[in-house]
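Visitor: Structure provided below as structure tokens; questions to follow.
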Amino acid sequence: MLTENLLLGVILSYLKIVGGSHLRGEIEVSGAKNAALPVMAASILTDEDVLLRRIPDISDVWIMADILRSLGAKVAFEGKGDMTINCSDISCVSPPYELVGKMNASFDVTGPLLARFGEAKVPLPGGCNLGSRPVDMHVEAFRILGAEVVCQHGFVHAKAKTLQGNKIRFRRISVGATKNAMMTAVKVDGITVLENAAMEPEIVDLAVFLNAMGARITGIGSNTIVIEGVKKLSGVSYEIIPDRILTGTYLAAAAVTGGSVTVIRTWPDFLESFISAMRSAGQKIICGKDYVKLEKTEKILPIEISSSPHPGFPTDLQPVITAMLTIAEGTSVVTENIFDRRFMYVDELRRLGASLSVSDRTCIIRGVPKLFGAPVKAHDIRAGGAIIAACLAAEGESTITGLEFIDRGHEKIESVLSDLGANIRRIG
Ligand code: EPU
């Protein structure tokens, strides 16, 4: 085990977890990261004040705020999840690589800049290590709407004198391309039809937000979205939806520790495929209108799951359910169909004593009776959630590095888990 001093010498901060406590109690989940980020970007579409509520206090949100400021917008955190954005003084259409390179969702500003100013020059985005993250379908959508797009020297440069509504059929379902196409089409002349569009709750939230600004979007929540362009979008006050991925993460963490947790101010309807998988794994889950409760059960049963676009099993909950299945009574099979390198965290679970083997897109998990604490590292946001859950269940002490990924998506993670009875501390 690395000593605290050695860790402090090399790495800025880490989490120290002494596993074995059963998570118990009630927690309120934050607003959804993947809804907050595009809604912040969509605020570019108006020169009036936007007030956003339930914005999570996470580093991805701070990065998006800095990106908007780099363009000339005023962004203020008002406390308790409130944020005001005013984009009346935007004077630049090219955010810097130093910010855009930090997360994939930075590319969300491209569509709104193009729609409002007729130009956007945005570096290719960076972000989590999940495999290649091309933006070819975003670019294709901008071109179909009438933009000239040049991809050179690491930038996507889109320009248009006028944009015109059109039919866009995505060759595969993409959350990012659907968002950018929708945020562009709301302000073009004529009608745009998005076919094979993503149906994730965060896409629905973005469309509802845009309509609150005065956009005319129908087919929301279906795979065919129809957008009638309008001349002007207005300021609005809007509350972000609850984070379904964090809700699922806390429930799976409760299950792997043999605990009982209720997540409140959340929407169970967003989590149907996850809840159904958890029930197949022998977990007792009770849903109310705005809460989900996981009750203590004696064992975790093995299951087979396969990630797919909404309403299928979410790829972002694949790592944490895999972590839970490491101590199931039997062999589980998890298939990942969205990202080609999403199983990188499996090596970290092995350090804790889990038995997993990965071949291509499939992970076979042979349940073991117990996990044991070890030094481990998060390589992406959701891997971070999975590793934390596994360390909470493991016997003995674990240290988790890679907090720069964990902090991108988990609001106040150590205080949330401490409140549920976990022995977790941030060092450094
Ligand atoms: N793809 C292309 N070309 C494109 C766009 C996407 O080939 O132009 C591919 C991607 O490489 C990927 C697949 O299509 O294999 C799906 O990508 P998608 O565009 O749907 O995902 P995304 O917009 O990059 C968002 C979330 C992810 C979440 C996925 C899938 C945000 C900020 N990110 O990513 O969330 O896993 O949708 O639901 O909304 C996370 O929060 O940790 C996270 C990774």
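The values are calculated or read from the model by the stated rules, or taken from the named source; none is laboratory data. Predicted, not measured: the structure shown is a model, and the values here were computed from it. Backbone-built Cβ (ideal geometry, glycine too); neighbour counts: all protein chains shown. Ligands, DNA and RNA are stripped out before the accessible areas are found, and what is left, the full protein with its side chains, is counted by its heavy atoms. Shrake-Rupley method; radii C 1.70, N 1.55, O 1.52, S 1.80 Å.
Visitor: Kindly indicate the residue of the range 358-374 that is open to solvent by 50 Å² or more (accessible area, probe 1.4 Å) and touching a residue at least 40 places away in the same chain (Cβ under 8 Å) and also farthest from Pro302 (Cα to Cα) among those meeting that condition.
Guide: Per the stated criteria, the residue is Lys370.
Visitor: Taking the range 202-214 as the search range and keeping residues that are open to solvent by 10 Å² or more (accessible area, probe 1.4 Å) and of a type outside the set (D, E, K, R), which one is farthest from Ile44 (Cα to Cα)?
Guide: Looking at the filtered set, the residue picked out is Val204.
Visitor: Go through Pro319, Pro309 for me and flag whichever is in a loop (DSSP other than H, G, I, E, B) and either in contact (Cβ under 8 Å) with a residue 60 or more places away in the chain or within 13 Å of the ligand (Cβ to nearest atom) (or both).
Guide: Pro309
Visitor: Looking at the range 61-68, can you tell me whether even one residue there is surrounded by fewer than 23 Cβ atoms within 10 Å (Cβ to Cβ), more than 21 Å from the chain's Cα centre (by Cα) and farther than 30 Å from Val261 by Cβ?
Guide: The answer is no, given that none of the residues of the range 61-68 is surrounded by fewer than 23 Cβ atoms within 10 Å (Cβ to Cβ), more than 21 Å from the chain's Cα centre (by Cα) and farther than 30 Å from Val261 by Cβ.
Visitor: If you don't mind, there's one more thing I want to ask. Which of the residues that make up the range 28-56 are within 16 Å of the ligand (Cβ to nearest atom), open to solvent by 10 Å² or more (accessible area, probe 1.4 Å) and either out of contact with any Asp or Glu (no Cβ under 8 Å at 6 or more places or on another chain) or over 21 Å from Asn211 (Cβ atoms) (or both)?
Guide: Within the range 28-56, Ser30, Lys33 meet the criteria.
Visitor: What residue, of Ala389, Ala383, is closer than 18 Å to Gly259 by Cβ and either within 22 Å of the chain's Cα centre (by Cα) or among the small types (Gly, Ala, Ser) (or both)?
Guide: Ala389
Visitor: Going through the range 185-222 one residue at a time, which ones are within 15 Å of the ligand (Cβ to nearest atom) and either under 18 Å from Val50 (Cα atoms) or touching a strand residue (DSSP E or B) at 6+ places or on another chain (Cβ under 7 Å) (or both)?
Guide: Leu194, Asn196, Ala197, Asp205, Leu206, Ala207, Phe209
Visitor: Sticking with this structure for a sec: Which residue, of Lys289, Lys293, Lys299, is at negative phi, touching an Asp or Glu at 6+ places or on another chain (Cβ under 8 Å) and more than 14 Å from the ligand (Cβ to nearest atom)?
Guide: Checking each option against the conditions leaves just Lys299.
Visitor: Still on this structure, I have one more. Could you list, ordered by first residue, the pairs with Cβ atoms under 6 Å in which the first is in the range 60-72 and touching a residue at least 12 places away in the same chain (Cβ under 8 Å) and more than 14 Å from Ser43 (Cβ to Cβ) and the second is open to solvent by less than 40 Å² (accessible area, probe 1.4 Å) and not in a helix (DSSP H, G or I), at least 6 apart or interchain?
Guide: Asp60/Met103; Ile63/Met103; Ser70/Pro95
Visitor: On to the next question. Looking at the range 322-334, which of the residues that are outside any loop (DSSP other than H, G, I, E, B) and out of contact with any strand residue (DSSP E or B) (no Cβ under 7 Å at 6 or more places or on another chain) is surrounded by the most Cβ atoms within 10 Å (Cβ to Cβ)?
Guide: Among those residues, the one meeting the criterion is Ala323.
Visitor: For the range 360-381, give me each residue that is in contact with a helix residue (DSSP H, G or I) (Cβ under 9 Å, 6 or more places away or on another chain) and acidic (Asp, Glu).
Guide: The one that is in contact with a helix residue (DSSP H, G or I) (Cβ under 9 Å, 6 or more places away or on another chain) and acidic (Asp, Glu): Asp380.
Visitor: Here are some residues: Ile303, Ile327, Ile286, Ile275. Which one is closer than 12 Å to Gly248 by Cβ and not small (Gly, Ala, Ser)?
Guide: Of the residues listed, the single one that is closer than 12 Å to Gly248 by Cβ and not small (Gly, Ala, Ser) is Ile275.
Visitor: Which one is farthest from Leu233 (Cα to Cα) among residues in the range 164-184 that are within 16 Å of the ligand (Cβ to nearest atom) and assigned to a strand (DSSP E or B)?
Guide: Selected residue: Arg169.
Visitor: Quick one: is Cys92 more than 19 Å from the chain's Cα centre (by Cα) and open to solvent by less than 20 Å² (accessible area, probe 1.4 Å)?
Guide: No: the conditions fail for Cys92.
Visitor: Mind listing just one residue for me: the one in the range 390-428 that is more than 16 Å from the ligand (Cβ to nearest atom) and in a loop (DSSP other than H, G, I, E, B) and, of those, surrounded by the most Cβ atoms within 10 Å (Cβ to Cβ)?
Guide: Ala394
Visitor: Residues that are without any contact (Cβ under 8 Å) to a residue 24 or more places away in the chain and either outside any helix (DSSP H, G or I) or within 16 Å of the ligand (Cβ to nearest atom) (or both): does the range 335-357 have at least one?
Guide: Yes, some residue in the range 335-357 is without any contact (Cβ under 8 Å) to a residue 24 or more places away in the chain and either outside any helix (DSSP H, G or I) or within 16 Å of the ligand (Cβ to nearest atom) (or both).
Visitor: May I ask you to verify whether Glu119 is near the ligand (Cβ under 9 Å from one of its atoms) and surrounded by fewer than 18 Cβ atoms within 10 Å (Cβ to Cβ)?
Guide: no
Visitor: Follow-up. Please indicate, with yes or no, whether at least one residue in the range 228-242 is part of a strand (DSSP E or B) and either within 15 Å of the chain's Cα centre (by Cα) or closer than 20 Å to Pro311 by Cα (or both).
Guide: yes
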